[in-house]
Amino acid sequence: MVLVLASGRGERFLASGGTVHKLQADLGGHTVLQRTLATVKASGLRWHLEQSQHAGMGDSIAAAVRATADAPGWMILPADLPLVHVDTLLAIARMPLVNGVLFPMHEGKRGHPVRFAPACAKDLMRLSGPQGAASIVEAHPRTTLVVEDAGCTMDIDTVQDLERAKTWLAQAVA
């Protein structure tokens, strides 16, 4: 189950000069959120969009896991990663994971989505506040999947990030 987290306020983006919420910013003719959802939908994987306002990332994750408690595990994908490849989503979903956590790695940098086994459910549902699931990642066995997908590490937090993503997207299309 892919959990697309779209609950944040986007304050860093606005503070960097953004005039709209970062998920509504244009990226090559589509919004950031539209691009992220198009990739998730193209994967064919089950997914859930968490868009309700929450106090923090931990609260968003907990709400999304509770809403999909019957899932056989979760792949957490912040909605501000519009350039992640479908192949990356599928590779992460297909990788055997008995317990613990799996995350993609591109050129030595951790990426998204991060996959959590069912054994992490209670810990995920207890999250709250501004921190995401880093404490759960550290507390459980971790598996790394090396990918050739720079998009799994390219989140949009500032106007500068958006410009970098536009440049990357234009080069990828050319």
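The values are calculated or read from the model by the stated rules, or taken from the named source; none is laboratory data. Keep in mind that what you see is a predicted model, and the values were worked out from it rather than measured. Note: ideal-geometry Cβ built from the backbone for every residue, glycine included; neighbour counts use all protein chains shown. These area figures cover heavy atoms from the full protein model, side chains too; ligands, DNA and RNA do not enter into them. Shrake-Rupley method; radii C 1.70, N 1.55, O 1.52, S 1.80 Å.
Below, the figures for the structure above:
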| item | result |
| --- | --- |
| Cα-Cα separations in the range 44-92 greater than 16 Å, expressed as whole percent | 43 percent |
| Cα-based helix-to-principal-axis angle, 57-67 vs the chain, degrees rounded to 10 | 60 degrees |
| Reduced Cα scattering model of the range 1-141, Debye log10 I(q)/I(0), q = 0.17, 0.22 Å⁻¹ | -0.94, -1.50 |
| Environment charge at Val147 (Cβ cut-off 10 Å; Lys +1, Arg +1, Asp -1, Glu -1) | -4 |
| Per residue value of the accessible surface for the range 19-174 (all protein chains in place, 1.4 Å probe), Å² | 49 Å² |
| Ordering of 73-79, 86-92 by burial proxy (mean other Cβ atoms within 10 Å per residue, highest first) | 73-79, 86-92 |
| With every protein chain in place, the chain: carbon and sulfur % of accessible area (1.4 Å) | 54 percent |
| Angle between the chain longest axis and helix 159-173 axis [Cα atoms, degrees, rounded to 10] | 90 degrees |
| Computed Kirkwood radius, in angstrom, where 1/r is averaged over Cα pairs of the range 77-174 | 14.5 Å |
